[in-house]
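The values are calculated or read from the model by the stated rules, or taken from the named source; none is laboratory data. Keep in mind that what you see is a predicted model, and the values were worked out from it rather than measured. For neighbour counting, all protein chains shown are included, and Cβ atoms are generated from backbone atoms with ideal geometry for every residue, glycine included. For accessibility, only protein heavy atoms count, side chains too; no ligands or nucleic acids. Shrake-Rupley method; radii C 1.70, N 1.55, O 1.52, S 1.80 Å.
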Amino acid sequence: MQIYEDYSLKEYNTFGIDVRCKHFITCTSQTDLQKLITEKPVPLHPTLIIGGGSNLLFTKPYEGTVIHPVISGIAVVNETKDQVFVEAGAGIVWDDLVGWCVDHDYYGIENLSLIPGHVGASPVQNIGAYGTEVKDCIHEVKGIFLESGEFFSMTREECQFGYRQSIFKKALKGKTIITSVVFKLDKQPVYNLTYGHLKEQVEKLGSVTLQNIRKAIIDVREAKLPDHTVIGNAGSFFKNPVISATLFNKLQTLNPQVPHYPADEGQVKVPAGWLIEKSGWKGKSLGKAGVHADQALVLINKGGASGRDIISLAETIERDVFNQFNIHLEREVNVI
Ligand code: EPU
């Protein structure tokens, strides 16, 4: 365990916002974390857990303790004839796990290639892309309770997953530290190529293989989404809003081309990127904060932006989208 005082978080949030926290602690194992919680070498209220920092926006210094779990390890923990159970430490870079599974011919998370962040954060917001959500492959989530240091293990059902949603963002928000995740993957080819033009993009690379799916998705993401090591961003800033069929019908009457997907209970999901583009914000800026020119769902730090700059832009977009479409955009990014 390493403890640092008055520590800069610039390298620990992909927006690249330069704020400091009171204490910053790295823990390399579950035992380390339990020791921290029982011995409390520094105050643990308030506490923020940061993995890859790819879904965070700081608007001011963090007057508390940041815990950065760097628990490593990827291993097969069980298998059947057709399936394999892979356990990965919370500190593993998400895309390294995807690469490992593809290299071992394990099917299930290849559509989630190149999503930034660490394994420990993947169940929290149920990361998803190209027709796959991580919940589809999660078997078990392990961790400890921040208050007691007690170990827990949760099944997929207990995690209450939804679109960019889980129990870790609701009843257990701020109450747990995830230490590892067990994924249930297929040994036999099972592909999900239904999203957009994915199938054609894979076929352009040759036959449909795990490697080609991963490559096609990496190509699409690299073409559309900014690299946070070059331009600060946190991926999708907003969730795609789910609206009532009545509101959607009005929207579609005025905009017959509106892209949309079915959602639960007869509702309709509309891409926030489309709404933002139609409201005129794609590629535009407000001070040092901007809207990415190739994907309007992504807000960017154009250099030296503060968290407040990004929030001002987000608020302006939210207002304009609401005034034009009567739809509230909900933020996906966790604003601190
Ligand atoms: N669109 C526009 N303008 C834009 C962006 C999108 O009109 O600037 C429309 C297009 O019609 C496009 C449709 O929206 O066909 C969907 O766009 P895209 O395939 O890029 O997906 P998305 O719905 O905008 C979601 C995820 C992304 C994920 C992609 C691909 C959310 C909030 N975002 O975006 O996730 O990569 O699907 O599956 O659900 C992330 O969470 O950080 C993230 C990048």
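Each residue in the stretch 90-115 was checked for being farther than 20 Å from Glu79 by Cβ, open to solvent by less than 10 Å² (accessible area, probe 1.4 Å) and among the acidic types (Asp, Glu), and 0 of them qualify. Does the stretch 296-307 contain any residue that is under 20 Å from the mean Cα position of the chain (by Cα), more than 16 Å from the ligand (Cβ to nearest atom) and open to solvent by less than 70 Å² (accessible area, probe 1.4 Å)? Scanning the stretch 296-307, I find at least one residue that is under 20 Å from the mean Cα position of the chain (by Cα), more than 16 Å from the ligand (Cβ to nearest atom) and open to solvent by less than 70 Å² (accessible area, probe 1.4 Å), so the answer is yes. Tell me yes or no: at least one residue of the stretch 74-86 is surrounded by 15 or more Cβ atoms within 10 Å (Cβ to Cβ), of a type in the set (Gly, Ala, Ser) and not in a helix (DSSP H, G or I). Checked against the condition, which is being surrounded by 15 or more Cβ atoms within 10 Å (Cβ to Cβ), of a type in the set (Gly, Ala, Ser) and not in a helix (DSSP H, G or I), the stretch 74-86 yields no hits at all.
Scanning the stretch 1-21 for residues being open to solvent by 10 Å² or more (accessible area, probe 1.4 Å), under 29 Å from Ile231 (Cβ atoms) and not in a loop (DSSP other than H, G, I, E, B) gives a total of 8. Kindly indicate whether any position in the stretch 116-139 is open to solvent by 60 Å² or more (accessible area, probe 1.4 Å) and either part of a strand (DSSP E or B) or without any contact (Cβ under 8 Å) to a residue 12 or more places away in the chain (or both). Looking through the stretch 116-139, at least one residue is open to solvent by 60 Å² or more (accessible area, probe 1.4 Å) and either part of a strand (DSSP E or B) or without any contact (Cβ under 8 Å) to a residue 12 or more places away in the chain (or both). Considering the stretch 194-214, the residues that are within 16 Å of the ligand (Cβ to nearest atom) and free of Cβ contacts under 8 Å to residues at least 40 places away in the same chain include one that is farthest from the chain's Cα centre (by Cα), namely Glu200. Here the stretch 242-273 is the region considered, the condition is being within 20 Å of the chain's Cα centre (by Cα) and in a helix (DSSP H, G or I), and the residue that is farthest from the ligand (Cβ to nearest atom) is Ala272.
Condition first: more than 13 Å from the ligand (Cβ to nearest atom) and surrounded by 18 or more Cβ atoms within 10 Å (Cβ to Cβ). Now tell me which residues in the stretch 216-232 satisfy that. Listed by number, the residues that qualify are Ile231, Gly232. When Ser166 is tested against the conditions (1) touching a helix residue (DSSP H, G or I) at 6+ places or on another chain (Cβ under 7 Å); (2) open to solvent by 50 Å² or more (accessible area, probe 1.4 Å); (3) closer than 26 Å to Asp264 by Cβ; (4) not β-branched (Val, Ile, Thr), the lone failure is (2).
Residues in the stretch 49-73 that are surrounded by fewer than 19 Cβ atoms within 10 Å (Cβ to Cβ) and not β-branched (Val, Ile, Thr): Lys60, Pro61, Glu63, Gly64, Ser72, Gly73. The residues in the stretch 285-295 that are in a loop (DSSP other than H, G, I, E, B) and surrounded by fewer than 19 Cβ atoms within 10 Å (Cβ to Cβ) can be counted, and the count is 4.
Considering the stretch 22-48, the residues that are of a type in the set (Ser, Thr, Tyr) and touching a Gly at 6+ places or on another chain (Cβ under 7 Å) include one that is least open to solvent (accessible area, probe 1.4 Å), namely Thr47.
Scanning the stretch 268-291 for residues that are of a type in the set (Lys, Arg) and in contact with an Asp or Glu (Cβ under 6 Å, 6 or more places away or on another chain) yields one hit, Lys288. Residues that are out of contact with any Ser or Thr (no Cβ under 6 Å at 6 or more places or on another chain) and in a helix (DSSP H, G or I) within the stretch 312-336 comprise Ser312, Leu313, Ala314, Glu315, Thr316, Ile317, Glu318, Arg319, Phe322, Asn323, Phe325, listed in sequence order.
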